[in-house]
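Visitor: First the structure, which I've put down as structure tokens, then a few questions once you've had a look.
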Amino acid sequence: MLSAVRPVPTGHGAVGAGMANASSDHRQTAGLLSTRLSVMNNALDGKVALVTGGGRGIGAAVALRLAQDGADVALTFQQNQQRADDVVDQIKAVGRRAIAVQADSADPAAVVAAVDRTAGELGRVDILVNNAGAFLLGPLEQLSLEEFEQTVAVNVRAPFVASQAAVPHMSAGGRIINIGSNMAQRAVFPGFSLYAMSKTALIGLTKALGRELGGRAITVNLVNPGATDTELNPADGPNANTINGFTALGHYAKPADVAAAVAFLASPDGRYITGATVNVDGGFTI
Ligand SMILES: NC(=O)c1ccc[n+]([C@@H]2O[C@H](COP(=O)([O-])OP(=O)(O)OC[C@H]3O[C@@H](n4cnc5c(N)ncnc54)[C@H](OP(=O)(O)O)[C@@H]3O)[C@@H](O)[C@H]2O)c1
């Protein structure tokens, strides 16, 4: 994820300012796999999922959870091949097929190629999870046009292009699940103009595609995480106490908490939910 964080005027800092080390997230992913194994089910048997940005963080948790529920999974990454390969190994360990595809979501041709490779190697595409995101923060006057374009390319254009490429491979029961942000619903910190703008666009995309694809029994939904313990926004970061204070539950989500909502929307039980926004934010937006 392209992540540039500048100081913002109020001294809140920014959500992603502290970066946890890679090994702690890796341990978290491994631990997550072992705890989730106890609830494996077969709701997604025979399905194929593509998760963008699935090498770590929320995307890795989603990829693992969908595999534990029965799906074969393709995941994309930007640069961390090893992390993506580790997730692939964990998916294979639960008996599902998995591939890792290097595909920068800022590059529309790479996004389309990732969809086509998923369909080519895994046979179909039933579930698309648009998770990869750009997180570029800063005061209005300091944000550049390049950062504007990068944010829109990754957070808005890529979900659009991936949906466009995936839908022809989907049959009735297909699922598109976009990963937005609580910042689209409640802008409590300064410095989030690009990020909040781009994640808010996903609300409109989700509703419009939900309407358009409903006749083909394909659902389209948006999951808006709140603060979630990843390398982007570690739960022991410098701003965590402030963020926790805005939630009702008083703590960060685990990536598995977001993955659980995605898995429900992807499952047959989610069949009558479309165009919806599901907040997984511990009450941040209430
Ligand atoms: N964590 C939070 O508190 C939080 C809150 C609200 C919303 N979200 C949203 O949740 C999503 C995942 O966030 P996260 O916290 O899990 O992030 P993360 O820990 O930084 O993980 C990002 C993952 O996405 C991949 N990625 C990043 N940019 C990409 C690009 N341009 N093309 C392809 N892959 C890319 C990374 O690949 P590499 O490993 O190769 O770099 C990595 O696998 C994002 O859309 C984010 O906006 C997160």
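Visitor: Here's a check for you: in the stretch 102-139, which residue that is within 17 Å of the chain's Cα centre (by Cα) and surrounded by fewer than 21 Cβ atoms within 10 Å (Cβ to Cβ) is nearest to residue 206 (Cα to Cα)?
Guide: 106
Visitor: If the requirement is being of a type in the set (Asp, Glu), away from the ligand (no atom under 11 Å from the Cβ), part of a helix (DSSP H, G or I) and in contact (Cβ under 8 Å) with a residue 12 or more places away in the chain, which of these qualifies: 149, 141, 121?
Guide: 121
Visitor: Does residue 194 fit the bill of being in contact with a Leu (Cβ under 9 Å, 6 or more places away or on another chain) and surrounded by fewer than 21 Cβ atoms within 10 Å (Cβ to Cβ)?
Guide: Spelling it out, it is not the case that residue 194 is in contact with a Leu (Cβ under 9 Å, 6 or more places away or on another chain) and surrounded by fewer than 21 Cβ atoms within 10 Å (Cβ to Cβ).
Visitor: For the stretch 246-280, give me each residue that is within 12 Å of the ligand (Cβ to nearest atom), among the hydroxyl-bearing types (Ser, Thr, Tyr) and surrounded by fewer than 21 Cβ atoms within 10 Å (Cβ to Cβ).
Guide: The answer is 247, and nothing else.
Visitor: Being more than 12 Å from the ligand (Cβ to nearest atom) and assigned to a helix (DSSP H, G or I) is the requirement here; does residue 112 meet it?
Guide: Considered against the rule, which asks whether it is more than 12 Å from the ligand (Cβ to nearest atom) and assigned to a helix (DSSP H, G or I), residue 112 comes out as yes.
Visitor: Also, I was wondering about something else. Can we say residue 112 is of a type in the set (A, V, I, L, M, F, W, C), over 24 Å from residue 228 (Cβ atoms) and touching a His at 6+ places or on another chain (Cβ under 8 Å)?
Guide: no
Visitor: Just the residues that are more than 8 Å from the ligand (Cβ to nearest atom) and either in a loop (DSSP other than H, G, I, E, B) or within 17 Å of the chain's Cα centre (by Cα) (or both), please, taken from the stretch 76-87.
Guide: Listed by number, the list holds a single entry, 87.
Visitor: With respect to the numbered conditions (1) among the β-branched types (Val, Ile, Thr); (2) more than 9 Å from the ligand (Cβ to nearest atom); (3) within 19 Å of residue 264 (Cα to Cα), which one is the sole condition not fulfilled by residue 58?
Guide: (2)
Read-outs throughout are calculated quantities, based only on the coordinates presented, and are distinct from any laboratory measurement. This is a predicted model, so every value here is computed, not measured. Because the Cβ atoms are built from the backbone with ideal geometry, glycine has one as well, and the counts that use them run over all protein chains shown.
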